Amino acid sequence: GAHLDKCASAGMQPIHWASTRGNVGIVEWLLGTGAVTASTTDAHGTTPLMIAAQYDQTRLVYWLAKNQPQTLTMVDVDADNAYHWAAYKDALTSMMLLHDFGLRPDAQDNCGSTALHLAVARGSQQTVRWLMEQEGWEELMKIKDAKNRTVHDFANERHLFVIRGILAEHEARKEGGGHSPAAAAFYYYAAAAYSSANSMWHSSIHYVTEKARYLTGTAPDKGQSRGMVRVEMKPVPPIQPAPES
């Protein structure tokens, strides 16, 4: 018969492939044969739970976390755990499950990246929003990676204006925070403008978008510009390839 522990070129075994599809029945059967365990890793140290989290296979994530809890604390060769992988892949539902099972977003991998760093780096808007709603988000914002970068630095490097808007919007809610609603408005509008002209601003004055107008409480009636916030813009350089985190 087939070798249930046979590895592919990346060291992936049948249990890893089954995890990409979230097939609980096959994973349970493979574990029952005794040929592999839930702690079996591929060449990169990735476990079935990490793979299930990457692919947002929530049924399998829940089953493994509940029945194989020892794998929750495992990390791959880069010290990323299942929570890191879910954040990086914008697999929000799986990340929420892992959060409920005790994993936390402030854990840092070998590059010093937290789940928030990874979500920001990928521009994962829904994941960033959710992480910013969790207790301790203020401290999470302050954590620096191995290159001394905060999540703001990540967003700046990649010209992720929507992400910067999300971060600034949440900071504005904190009394005495470093950003105002107008700052968040600026970033939301910058995202729209930058997407239409990704090499240079064609005008130094622009009006903010609906999101920005909502934040500043100056949304005009019937599309009129009266009362809208004016934001001074400066030329923005072309997008450069993002450095490896």
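Read the figures in this text as sums done on the coordinates, not as results from a lab. Since the model is a prediction, treat every value here as computed from it, not as a measurement. Methodologically, a virtual Cβ is constructed for each residue, glycine included, from the backbone with ideal geometry; neighbour enumeration extends over all protein chains shown.
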| field | Protection proxy ranking of 10-16, 163-169 - average other beta-carbon atoms within 10 Å, highest first | value | 163-169, 10-16
| message | Expected output is a single nm value to one decimal: the length gained when fully extending between residue 77 and residue 104, i.e. 0.36 nm times separation in residues minus the C-alpha distance. What is it? | response | 7.8 nm
| query | How far apart, in nm, are two points set 7 Å out from the Cα along the Cα-to-Cβ line at residue 70 and at residue 146? | reply | 2.9 nm
| How much length is gained on full extension from residue 125 to residue 21, taking 0.36 nm per residue of separation minus their Cα-Cα distance? | 35.0 nm
| task | Rank by packing, highest mean first: peptides 84-94, 53-63, with packing defined as the count of other Cβ atoms within 10 Å averaged across residues. | result | 84-94, 53-63
| query | Can you work out the base-10 log of I(q)/I(0) for region 61-157 at q = 0.25 1/Å, using the Debye formula on its C-alpha atoms alone? | reply | -1.40
| Cβ-based net charge around residue 109, under 11 Å, with every Lys or Arg adding one and every Asp or Glu removing one | -4
